[in-house]
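Step one of this worksheet: look at the structure below.
Rule-based calculations on the coordinates, nothing more; no lab input. None of these values were measured; they are calculated from a predicted model. All Cβ positions, even for glycine, are placed from backbone atoms using ideal geometry, and neighbour counts span all protein chains on display.
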Amino acid sequence: MENRLDDTPTILVVDDEQDIREGSARILKKIGLPVLTASRGEDALEIIKKEKISILFLDLKMPGMDGMEVFGHVREIDPSILVIIITGFATVETAIKAMKDGAYDFIPKPFEPDQLRIVVNRAWEKLRLTWETERLQEEKRRTLNDLDTEKNRTYTIIKSLPIGVVVTNTRGQVVLMNPSFMRLIGLSLDQKPGNRIEDYVSDTGFCDLVREISSGRHVDFEDISDYEFSLTQDKYLLAKGQPVLGERNECLGAVMNITDISPMKIMDQMKSEFVAKVSHELRSPLSTIHEQLALVIREMVGEMSDQDQHILSRAKEKTKGLISLIGDLLDLSRIEEGLEFHEPEPIKVDELLQNIVDFLGTRAKEKDQSLTLELPENPLPPFTADPMALESIFGNLVTNALIYTPEGGEISVKADMAGINIRVVVADNGFGIEAKHLDNIFERFYRVKDDKTRFITGTGLGLPIVKGLVDSFDGFIDVSSEYGKGTAFTVLLPTKSL
């Protein structure tokens with residue numbers, strides 16, 4: 001077995017004089033050291049081959065194989081053994097030669113017990129230091145091997161990922177990229193890292209994002225927007241980035257994940273085209289049917305039974321709902337395609353809100369509802385947007401509040417500034433929304449139906465349209481509600497780009 005730091009060294013005393021052997025053994029055993037003895041060099045070598053000897057006391061002048069010859073064999077068998085020469089006056093020169101050849105120490109005959117103990121303790125300390133050094137070196141080797149293994153393992157994993165991965169340093173230079181990234185970007189697989197990100201990717205927006213993250217502008221892992229870009233007409237890519245942080249939270253660079261979203265983009269485009277085509281094909285005949293039903297009801301008043309009039313009125317109401325649904329679907333298609341309804345222009349939001357509240361005030365009075373508007377003392381800054389889109393946002397929210405608030409209820413619209421954002425809150429004391437529905441109300445066709453709302457008609461597209469429009473302005477919309485007590489929608493519109 002190999003020596004450890006807490007091992008006790010085994011000592012071998014080799015001398016042809018019995019008194020030296022036995023006396024040395026007694027002294028060393030008293031200080032707790034295991035001792036073996038041999039009277040001949042040949043016997044000593046056999047012991048060394050079988051036992052783990054750490055310290056060897058070796059007499060140079062012995063019958064048969066002398067000490068120097070034994071010393072030579074010991075160096076070949078186990079060079080880690082510390083050899084201490086036992087020398088008399090006649091062998092001083094030989095002992096000096098042995099020291100030059102690698103012997104650790106010598107002790108002259110005759111020696112006192114204290115001399116022997118001093119020499120042994122010195123050798124034992126030497127062994128402890130040697131073993132500690134070897135242990136530290138072994139730990140260092142293990143650590144380096146582990147690091148190297150971990151590095152290879154991590155790189156192998158990154159290489160095998162189906163998504164593209166590229167890592168940059170603080171200067172925006174590429175230090176690692178996997179084959180998936182090179183295939184997505186259209187690079188040769190033998191392309192080497194080391195150059196700036198611009199040398200690999202031609203999209204300016206993507207390169208700007210990489211440099212921004214690499215320089216340390218997002219070390220707090222604040223919300224980093226995803227980035228979509230296209231390098232060819234039929235390939236669309238989505239990039240997600242995060243900073244690479246060191247032990248002291250300093251930015252070391254950026255890691256970017258690239259995903260091919262071409263199939264999803266194509267599906268979205270096909271879906272939008274389908275919705276638009278079907279909607280256009282349906283809206284014209286439905287409008288004709290709706291007008292004819294209105295004409296029949298108007299012309300046949302007094303000539304129809306109450307039941308027939310009820311049936312025709314329900315049919316007219318249903319066609320109106322379908323026409324509204326088609327209009328909402330077309331609006332969603334335009335929003336998803338990034339199309340504007342009208343050219344953006346500076347809008348006075350406070351005036352727009354006043355017009356909406358005035359227009360819907362009549363509807364509120366029909367249900368004996370209170371509809372109020374609260375504006376700040378100082379006028380709100382103009383917001384550049386499509387007027388129809390902005391009117392659609394707040395018109396939908398106020399209309400929903402009127403619909404989902406019972407007679408005699410209160411609806412309030414409040415506008416002010418929240419930092420650089422125009423904040424508009426539309427609140428009511430109506431039916432409210434259960435917590436389990438809040439995460440889904442911005443999904444298409446999702447409608448909350450319970451005992452209070454099941455008779456309310458609607459398409460379930462109003463709030464998705466509002467969310468899509470707010471997102472197109474880089475804004476934010478949030479909802480808070482307490483079932484049975486009311487709901488509040490908060491819209492933030494950023495003015496920093498103005």
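Can you tell me, using C-alpha contacts under 8 Å and at least 6 residues apart, the relative contact order of the stretch 11-136 as a whole percent? Show your work: numbers first, answer last.
Numbers: 173 pairs, mean separation 26.8, N = 126.
Taking the mean separation of contacting Cα pairs over the length of the stretch 11-136, I get 21 percent.
When the stretch 161-260 is described by a simple charge dipole with +1 on each Lys and Arg Cβ and -1 on each Asp and Glu Cβ, the residue from Leu209, Leu184, Asn195 located farthest towards its positive end is Asn195.
Here the Karplus relation 6.51 cos²θ - 1.76 cosθ + 1.60, evaluated at θ = phi - 60°, turns the backbone of the stretch 426-431 into coupling constants of 10, 10, 9, 10, x, 5 Hz, with x for every Gly and Pro. Of the residues Leu353, Asn378, Ile433, the one whose Cα sits farthest toward the positive end of the charge dipole of the stretch 345-494, with +1 on the Cβ of Lys and Arg and -1 on the Cβ of Asp and Glu, is Ile433. Charged neighbours of Ser180, selected by a Cβ distance under 10 Å, balance to +1 (K, R count +1; D, E count -1). Near the amide H of Thr384, within less than 5 Å, lie the amide hydrogens of Ile347, all on another chain or at least 5 residues away, with H placed in the peptide plane. If the segment from Arg196 to Glu93 were pulled out straight at 0.36 nm per residue, it would be longer than the present Cα-Cα gap by 30.0 nm. Here the dipole of the stretch 161-260 is about 340 debye; that uses its Cα centre as origin and unit charges on the Cβ of Lys and Arg (positive) and Asp and Glu (negative). Net charge in the neighbourhood of Ser262 (other residues with Cβ under 9 Å of its Cβ; Lys, Arg +1, Asp, Glu -1) is 0. Between Ala95, Phe111, Ile31, whose Cα lies farthest towards the positive end of the dipole of the stretch 11-136 when Lys and Arg beta carbons carry +1 and Asp and Glu beta carbons carry -1, centred on the Cα centre? Toward the positive end, the furthest listed residue is Ile31.
Apply the a/c threshold of 1.5 to the C-alpha gyration tensor of the stretch 161-260 and tell me whether it is rounded, prolate or oblate. Before the final figure, lay out each step's value.
Values: a/c = 1.89, a/b = 1.45, b/c = 1.30.
Here the stretch 161-260 falls in the prolate category.
Listed values for the stretch 230-236 are Karplus-derived 3J(HN,Hα) couplings in whole Hz (6.51 cos²θ - 1.76 cosθ + 1.60, θ = phi - 60°), namely 9, 9, 9, 5, 10, 10, 10, and x replaces Gly and Pro.
With both labels modelled 7 Å from their Cα along Cα-to-Cβ, the Gln354 to Thr384 distance reads 2.5 nm. Computed from the C-beta positions of Val296 and Leu322, the FRET efficiency with R₀ = 30 Å rounds to 0.95. Each of Asp478 and Thr372 was given a label point 7 Å from its Cα along the Cα-to-Cβ line. The distance between the two points is 2.3 nm. With a simple spin-label model that places each label point 7 Å from the Cα along the Cα-to-Cβ direction, the separation between Leu161 and Leu187 comes to 1.4 nm.
Residues whose amide H falls under 5 Å from that of Thr87, counting only those 5 or more places apart or on a different chain, are Ile107, Lys109, with hydrogens built in the peptide plane. The calculated FRET efficiency for Glu443 paired with Arg141, based on their beta-carbon distance and R0 = 60 Å, is about 0.55. Among the listed pairs Lys29/Lys100; Lys29/Lys50; Lys318/Lys436; Lys365/Lys436; Lys29/Lys49, a Cα-Cα separation exceeding 27 Å is found for Lys29/Lys100; Lys318/Lys436; Lys365/Lys436.
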